[in-house]
Structure formats: C-alpha cells, structure tokens
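These notes are about the structure you will find just below.
The values are calculated or read from the model by the stated rules, or taken from the named source; none is laboratory data. Since the structure is predicted, the reported quantities are computational estimates derived from the model, not experimental observations. Heads up, the Cβs are rebuilt from the backbone with ideal geometry, glycines too, and the neighbour counts pull from every protein chain shown.
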Amino acid sequence: MLKPTKATSALLVAVAAAVGFAAGPATSSASATASQYALATQTLPDGNKVIARWNPCQTITYRVNAGLAGNTAARRLAAVNDVKRAFARASAVSGMNYRYAGTTTQIPTNTSASTWYGRQTSAEIVVAWANQSVKGKKSTLLGRSSSGGYVAGTGGYAFKYWKSGSAPWTGVSGRGFVVLNAAQNSKFRPGFGAGSTRGELLMHEIGHAMGLNHVSSTSQVMYPTILSRSTAAYSTGDRTGLQRLGTANACVATPGFVWNDLS
Ligand SMILES: [Zn+2]
C-alpha cells in the first residue's frame, strides 16, 4: 500500500477480496427488494464513504487461465466459454463493456513485494483456476471457508483513491480477479442450466469483482452459498446492484497515474 504524502497528488490502494461459494442445498426463493443487493464501499481519507465502483465508461478487458478447469482441451474451452457468457450476462445488466483479451497463465495471488494488481498488466480482470495443493498453482486470494477447507471461488477488486491539489479525494476500482478452486470443479456443472453450475459461480465472483457484496436473500446470485437452481440468472437484487455500479451512473475520470487503462 502506498501512503499519501504531502505532495499535491496522493494515491492509496485498497484491496477487497470477498470469499465465494460453498456447495449447498436448494431452498425456496424470496421476493426481491432493495435490501437484496449490497454494494461494496470504501472510506476515503477525508472520511467520505463511497461506493466501490469501476469507471463504467471504460472498456474492461479480461483474460482467462483455464489450465486447471478441466482435464481435456474441450472441457477447458467450455470453461472459457462459460467465463465469456458470464461476463456477457453482467454486461447485459450493468451496461458495462467487457472485452475478452485472450488466455493467460497468470493466477492472481499475493506472493511478493509487489501485489497482484501491480503485476496484473495484461488485463483489468484475470479469471483463473487454482489448485491449493500444487506448487506454482496456488492463490493466496482463495480463502478458507468456516469449515476449514478452501472455498469454491473468490472474487474481488483493487480500488485506488487519490487527490490532486485542493480537489476532494476520489476513488475507483481498476483491477479485479476471479479465482476458482479446481479441487471443487466436480461440484459445479458446466454451463448455466439446472443444478449448481459453474456459470452461476462465475456470475457470483464477477459480481464481487464489480463491487457487489453478499446478501442474505437466497434468491440472489450474491447469496454466499451456491444453491441448486432451475437456471443461473441474476435476480432482481443482483440486477439492481449491477445497474447502480454500471452505466446508469456517472463516468469516473481516472488519471493514468492511478490506473493504466489496459483496454
Ligand atoms: Zn461470494
């Protein structure tokens, strides 16, 4: 983390990693209300609490590391296609523009003096499968569940805030990650159909990367446990949250010294 200085420009970084799903049983859904979405917030140095948003007017690139997503090329390709479909679903709701920039071998993780968001220079968001028992394939961003095992997935963002001269502090998210636990691949059916699906898991973690927090409503994709459903779809609360984070609200003019736009 960079600390603010007495110079005219100051820059700080906040990283939020929200833990993901554990497999769970189906439950009935509830009607949607405004309380069925939760937006991540950050507190600026002046005490102003703001919604942790991306600039909805920029193209957000993403790369995929599906090397551990399946044991055949066809299965890995299907996983990449599920990632693309999940981003398309988020885009359809938020209005934000995501562009697939290809594959990568990177797995977002914090292992060195520089942090993942500083090393992540090939795309704004990296989606990767990790294996916590294989050296070189682990991610410290993949947390443990309350039962002690690693969670099925995690998603998050890096948010930087800055000020220039006498202008007030401003902040914006500029890098994100989705890390899925390859050891739990078999718990999630490919696609977005019936059951507990990889598609919904991806939609959930992308929701975190965009700035959605967990909610208690079981009908929402942002419920913290994946449930067996008839189909994977953002529900009313999820959609309201993504709309508030998206193009329905103002652009965030982001100086290049804050985030290098990779689009
Ligand atoms: Zn989650």
Count of residues meeting criterion [touching a helix residue (DSSP H, G or I) at 6+ places or on another chain (Cβ under 7 Å) and either outside any strand (DSSP E or B) or within 19 Å of residue 126 (Cβ to Cβ) (or both)] in the range 181-218: 16
So residue 155, is it crowded, with 16+ Cβ neighbours inside 10 Å, closer than 23 Å to residue 55 by Cβ and within 14 Å of the chain's Cα centre (by Cα): yes
Selected residue (criterion: farthest from residue 116 (Cα to Cα)) from residues of the range 139-158 that are in a strand (DSSP E or B) and touching a Lys or Arg at 6+ places or on another chain (Cβ under 8 Å): 150
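Only residues that are under 30 Å from residue 263 (Cβ atoms), polar (S, T, N, Q) and surrounded by fewer than 22 Cβ atoms within 10 Å (Cβ to Cβ): list them for the range 132-150, please.
140, the sole residue that qualifies.
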Only one of 112, 133, 173 that is modelled with pLDDT under 90 and not charged (D, E, K, R): 112
Any hit, the range 116-124, residues being within 16 Å of the ligand (Cβ to nearest atom), touching a residue at least 24 places away in the same chain (Cβ under 8 Å), assigned to a loop (DSSP other than H, G, I, E, B) and crowded, with 17+ Cβ neighbours inside 10 Å: no
Candidate set: the range 217-235, residues that are within 14 Å of the ligand (Cβ to nearest atom) and either free of Cβ contacts under 8 Å to residues at least 12 places away in the same chain or among the aliphatic types (A, V, I, L, M) (or both); chosen: the one surrounded by the most Cβ atoms within 10 Å (Cβ to Cβ): 221
Checklist (1) farther than 19 Å from residue 195 by Cβ; (2) hydroxyl-bearing (Ser, Thr, Tyr); (3) assigned to a loop (DSSP other than H, G, I, E, B) applied to residue 240, failing item: (3)
